[in-house]
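Reading through the structure tokens given below for one structure.
Just so it is clear, none of the values below were taken in a lab; they were calculated from the coordinates. Because the structure is predicted, anything quoted here is derived from the model rather than measured. Using ideal geometry, Cβ is built from the backbone for each residue, glycine included, and neighbour counts are taken over all protein chains shown.
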Amino acid sequence: DASINFALAQSRAMQVVPLHVQVRDAAGRWRTVIPDLGFPAGKNKTVIADLTGKFLSADTRVRIRTNMEIYWDRAFVAATASASPVTVTTLPPVTADLHYRGFSRMDRKGGRYGPQWYDYADVSRAPAWAPIAGAFTRYGDVLPLLDASDDMYIIFGPGDEVALQFDTAVAPPVPPGWTRDFVLYTDAWMKDADLNTAAGGTVEPLPFHGMSRYPYAADETFPGDTAHRRFIETYNTRRVGRGSYNR
């Protein structure tokens, strides 16, 4: 949350302590062996830590420390995961349609203090959040924007949905004894409209892979070559203002 992070940045009494992994040394003291374990990217996510060569003694106890409000419901060790054969098949989307859908009903998974979860079948089309002003991607076919991880991408706001279809028939048969999982790979940026989020109330400035930070300084600009200008003129034509929400 941007407001919480902003408050912590101004506090002399407390600073954010990132997730870090500790093990016992030969004297029984806890030592940090992974200083930054990262951050769970969304709800109900798995965080993986490679413990190869991390133990400092025969004591194999492990602990994870932080002062952030993170809830764990399971911890386990996979000793043979690296030995398991894996075959990766890339399936590009065959259709991609951007449209307004609305907001799925929010619930708490596992009880009152569980993570926020959403019922996709129970949707409200009424606006639920203040609009973010700027030029969004026009509705309709957006498949050409998903060809590569570049700076020509879909810009969608509260209530928008990108519906993708993949042709699994082109994937090779699953060998006997194997299982097949599907992983959706995305390359994206996200910002909310929190009052303490930098440029949170507007679409612009547009992010790009070569930027050193966001918002970037005046000496950095979004690519302005012919291809990127054509991208903006062709796709970023759905204007949304602060006073209204256009569908």
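Descriptive notes on the structure:
- For the stretch 60-65, putting each phi into the Karplus relation 6.51 cos²θ - 1.76 cosθ + 1.60 with θ = phi - 60° gives couplings of 9, 5, 10, 9, 10, 10 Hz, in residue order, rounded to whole numbers and with x for Gly and Pro.
- Centroid-to-centroid separation of the stretch 158-221 and the stretch 128-147 [C-alpha atoms, Å]: 12 Å
- Residue of Phe136, Phe103, Phe39 that the Gaussian network model of the chain assigns the largest fluctuation, springs spanning Cα pairs under 10 Å: Phe39
- The stretch 1-84 - convex hull of the alpha-carbon atoms, volume per residue in Å³: 122 Å³
- ³J(HN,Hα), Karplus 6.51/-1.76/1.60, whole Hz, each residue of the stretch 92-105, x for Gly, Pro: x, x, 9, 9, 8, 10, 9, 7, 7, 10, x, 10, 6, 5
- Across the stretch 174-183, rounded Karplus estimates of 3J(HN,Hα) from the backbone phi angles (6.51 cos²θ - 1.76 cosθ + 1.60, θ = phi - 60°) give 7, x, x, x, 8, 10, 10, 10, 10, 10 Hz, Gly and Pro being marked x.
- For the listed peptides 61-73, 198-210, a ranking on the average number of other beta carbons within 10 Å per residue, highest first, reads 198-210, 61-73.
- A cut-off of 5 Å between modelled amide H atoms, ignoring neighbours fewer than 5 places along the same chain, links Lys191 with no other residue.
- Under 28 Å from the Cα of Lys191 - lysines, other chains or at least 8 residues apart: Lys43, Lys45, Lys109
- Amide H within-cut-off set for His20, under 5 Å, with H built and near neighbours excluded: Leu37, Arg65
- Mean separation of Cα contacts under 8 Å (6+ apart) over length of the chain, as relative contact order %: 19 percent
- For the residues Phe76, Phe166, Phe182, a GNM of the chain with alpha-carbon springs under 10 Å puts the largest fluctuation on Phe76.
- Stokes-Einstein diffusion for the stretch 93-240, with the hydrodynamic radius set to the Kirkwood value over Cα pairs and evaluated at 4 °C in a medium of 1.567 mPa s, equals 71 µm²/s.
- Gaussian network model of the chain, springs between alpha carbon atoms under 10 Å - residue of Ser149, Ser84, Ser11 with greatest fluctuation: Ser84
- Tail fraction, Cα-Cα pairs, the chain, threshold 21 Å, whole percent: 73 percent
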